[in-house]
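A.B. asks: I'd like to ask some things about the structure below.
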Amino acid sequence: MEPFLAARAARTLFLALAVCGGLSLPDAARAEGGARRVVILTGTEVMLPASQVEDGVIRQILSSAPAGPIEFYSEGLDAYRFDTAEYEREFAAFLSRKYRDKEPDLIFALSDPALEFLTRNRGELWPHAPVVFTSVDRNYFQDRPRPSWATGILDYDSIGRTIALGRQLQPTARRILVIAGAGERDRRFAKTVAETLERLRPGLDVVVRTGTPVSAFSREFGSLSSDTILLYTSMMRDNDGRSVVPRDAAKALAAAASVPVYGTHSTYLGTGILGGALFDYANEGRAAAQMGLRILGGETPGALPVLGGSPPLLAVDGRQLDRFGIPTRRLPPEYEIRFRGPTFWEQYRWRIVAVGLALAIETVLLIALFAERQSRRRAQKESRQHRSELAHASRLATVGQLAASISHEINQPLGAILANAETAEILLDSAASNPEELRQILADIRRDDVRASEVMRRVRALAARHDMEMHPVELNAVAQAAAGILEPEARRRGVALQRDFRGGLPETRGDDVSLQQVIINLALNGMEAMAEMPSDRRRLVIATRNGNGRAVVRVSDTGRGISLEDRAKLFESFFTTKRNGLGLGLSICRSIIEAHGGRISALDNGGGGATFEFELPAVAAGTPRRNDDARA
Ligand code: ADP
């Protein structure tokens, strides 16, 4: 006897004994091998992603259930690539030999070809093994009865839901393009899809393209208009007869297509397709495994109803949403987004909040600083205005102080003019009038008039309301003009006024009227300090010089000098030792000099008298000669 036949005879005998002994078949098989045997027979090859997913899930669920030890065997019929009767015979013989002493307790048949194979060969091969099938065409049992030894899950498609998703994500879509392979199963699937679309009547043009080779994807689908919903079903074979892994074709299509690719199976997700209501092999595997467990638990397949499908996976690839600029808000809430890393916000939320907070605080601080700067500027402007008004008032007071000498200074030329005019009259009346003499008199009158006008001009300049303006100034000229105004007063007071103006003064900037005012103020103070001195000892020197690159003006007198105690308070407002003094002159002088960026100081001469000195900074090379306001 052939070993193969001998084994079968032995097994038949054993099974007969087992049945007579009242044992159920699985128990008998287990009794023979110690562990239950489960064969997972896929109609495709075992390495196809769909087969791998489903095979893996079935193994995982069965082995984690308390059904005792299970041995798993995976077989791939590969019927889409090998479909001759001879091949099937050889394959059946191979299985028969392989499982000679190991009849399975349960068989999972994945897809139609596997179920068909078992229908034809189970009787010879494993006549007692119950079968759980999956991924079987939903019309499979329309024209044949369901065998009592099998139950399982029929194929289904969620095309309607996927198209609804497409219309939601691409609201301007006008047509549906279905891409499918040229294999028998591909065409069958595409036909089912087309029928579904026909039934749904989506109101869009539907075009089905089958068998386009992967190498032509770019050319054919690389410039589709954006109003196309592109649905990829499956491709196991192309028009060139080349066999293709459907998942690889999905990847190639997603890379080539100019529009998002909607898919039909969960195994395509992650290859670059957008997603859809996807047939989920894991879900189907789970449902099949549950049926298998019930059968291993003693239920017969005939008692378990055939399921019309398993839940689809509603998912999209977040990267594809981004790639096609599809806003997430268009996605129905039941869809899950995969492959999208946390958004920038999710990833750096606290850092963004911290930076935002810091920016907000900084902004508030900036606004506060700006407001503070504005109010300081306003205050500075007001203070400048006050200072200017005070300086003006002080100049008026100075003019008042000089009133006697000024009137004397004007009266003198006026008197001379009068005398000259009278002389001219006399000359005209007399017969001996000499035109040359008259011309001389008129020239004198003009000179005296010019002199009086000049005095008036100086006084008017001093008394006029005036805003401090910075210009390049010749300090010697300023000192000279001040001395000119002071001269009559000095004469009146019996003070010898000396000028000691040196050359080589650095160039400075300033307001000449204000600087003049300072010199006059200092000089008048000096003259007053000498009032008690004998007239031959009253000497006032106005000197200028270059002090280490700064322009220095010094006013010294031979008066009573300054006590150490007074020196500290001299420049304070309202400090005065005079009966009618206001104590503002020196404080105004100081504010003027400081507005020029300079310094003013006073010292006792030691041997009698006091010296007041102020210095102004030289204009730095390159400093713009702008006519700008002094900012005190
Ligand atoms: P006022 O002249 O109204 O007193 P100032 O501010 O001009 O106000 O002067 C303040 C005080 O400084 C004077 O009262 C005087 O005591 C003192 N002082 C100013 N200049 C001299 C000087 N050349 N010699 C001595 N004391 C002076």
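The values are calculated or read from the model by the stated rules, or taken from the named source; none is laboratory data. Small disclaimer: the values here were computed from a predicted structure and weren't measured. Here Cβ is always computed from backbone atoms with ideal geometry, including for glycine, and neighbour counts include all displayed protein chains.
A.B. asks: Quick check on segment 492-524: of everything there that is within 16 Å of the ligand (Cβ to nearest atom) and among the small types (Gly, Ala, Ser), which residue is farthest from residue 548 (Cα to Cα)?
C.D. replies: 496
A.B. asks: Moving on to the next point. Of the residues 443, 452, 464, which is more than 15 Å from the ligand (Cβ to nearest atom), among the aliphatic types (A, V, I, L, M), exposed (fewer than 14 other Cβ atoms within 10 Å of the Cβ) and within 30 Å of residue 426 (Cβ to Cβ)?
C.D. replies: On inspection, the qualifying residue turns out to be 443.
Every residue, every condition in (1) under 30 Å from residue 115 (Cβ atoms); (2) without any contact (Cβ under 8 Å) to a residue 40 or more places away in the chain, yes or no:
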residue	(1), (2)
236	yes, no
272	no, no
292	yes, no
341	no, yes
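A.B. asks: Which one of 384, 377 is closer than 30 Å to residue 525 by Cα, within 60 Å of the chain's Cα centre (by Cα) and either modelled with pLDDT under 85 or part of a helix (DSSP H, G or I) (or both)?
C.D. replies: Just one listed residue meets the conditions, 384.
A.B. asks: When only residues in segment 424-440 that are small (Gly, Ala, Ser) and exposed (fewer than 15 other Cβ atoms within 10 Å of the Cβ) count, which is nearest to residue 514 (Cα to Cα)?
C.D. replies: As a first pass, look at segment 424-440 and keep what is small (Gly, Ala, Ser): 424, 430-433.
Those still in the list that are exposed (fewer than 15 other Cβ atoms within 10 Å of the Cβ) too: 430-433.
Working: 430: 53, 431: 55, 432: 54, 433: 51 Å.
Looking at residues that are small (Gly, Ala, Ser) and exposed (fewer than 15 other Cβ atoms within 10 Å of the Cβ), I get 433.
A.B. asks: Please pick out the residue among 532, 613, 572 that is near the ligand (Cβ under 9 Å from one of its atoms), modelled with pLDDT of 90 or more and among the charged types (D, E, K, R).
C.D. replies: None of the others qualify; the one that does is 572.
A.B. asks: If only one of 203, 222, 181, 241 is within 19 Å of residue 265 (Cβ to Cβ) and of a type in the set (Gly, Ala, Ser), which one is it?
C.D. replies: So the residue among 203, 222, 181, 241 that is within 19 Å of residue 265 (Cβ to Cβ) and of a type in the set (Gly, Ala, Ser) is 181.
A.B. asks: Now for a separate question. From 499, 554, 491, which residue is among the basic types (Lys, Arg), part of a strand (DSSP E or B), outside the structural domain of residue 453 (by TED's automatic domain parsing) and under 23 Å from residue 406 (Cα atoms)?
C.D. replies: 499
A.B. asks: Could you check residue 543 against (1) farther than 18 Å from residue 603 by Cα; (2) of a type in the set (A, V, I, L, M); (3) surrounded by 14 or more Cβ atoms within 10 Å (Cβ to Cβ); (4) more than 8 Å from the ligand (Cβ to nearest atom) and say which number it fails?
C.D. replies: Failing condition for residue 543: (1).
A.B. asks: Does residue 574 fit the bill of being more than 58 Å from the chain's Cα centre (by Cα) and at positive phi?
C.D. replies: yes
A.B. asks: So is residue 564 touching a residue at least 24 places away in the same chain (Cβ under 8 Å), in contact with a Gly (Cβ under 6 Å, 6 or more places away or on another chain) and more than 8 Å from the ligand (Cβ to nearest atom) or not?
C.D. replies: Details: touching a residue at least 24 places away in the same chain (Cβ under 8 Å): yes; in contact with a Gly (Cβ under 6 Å, 6 or more places away or on another chain): no; more than 8 Å from the ligand (Cβ to nearest atom): yes.
Against the criterion (touching a residue at least 24 places away in the same chain (Cβ under 8 Å), in contact with a Gly (Cβ under 6 Å, 6 or more places away or on another chain) and more than 8 Å from the ligand (Cβ to nearest atom)), residue 564 does not qualify.
A.B. asks: A further question follows. Would you point out the residue of segment 56-106, among those that are over 60 Å from the mean Cα position of the chain (by Cα) and among the aliphatic types (A, V, I, L, M), that is nearest to residue 128 (Cα to Cα)?
C.D. replies: 106
A.B. asks: Same structure, new question: Can you work out which of the residues in segment 159-170 that are surrounded by fewer than 17 Cβ atoms within 10 Å (Cβ to Cβ) and touching a helix residue (DSSP H, G or I) at 6+ places or on another chain (Cβ under 8 Å) is modelled with the highest pLDDT?
C.D. replies: Per the stated criteria, the residue is 168.
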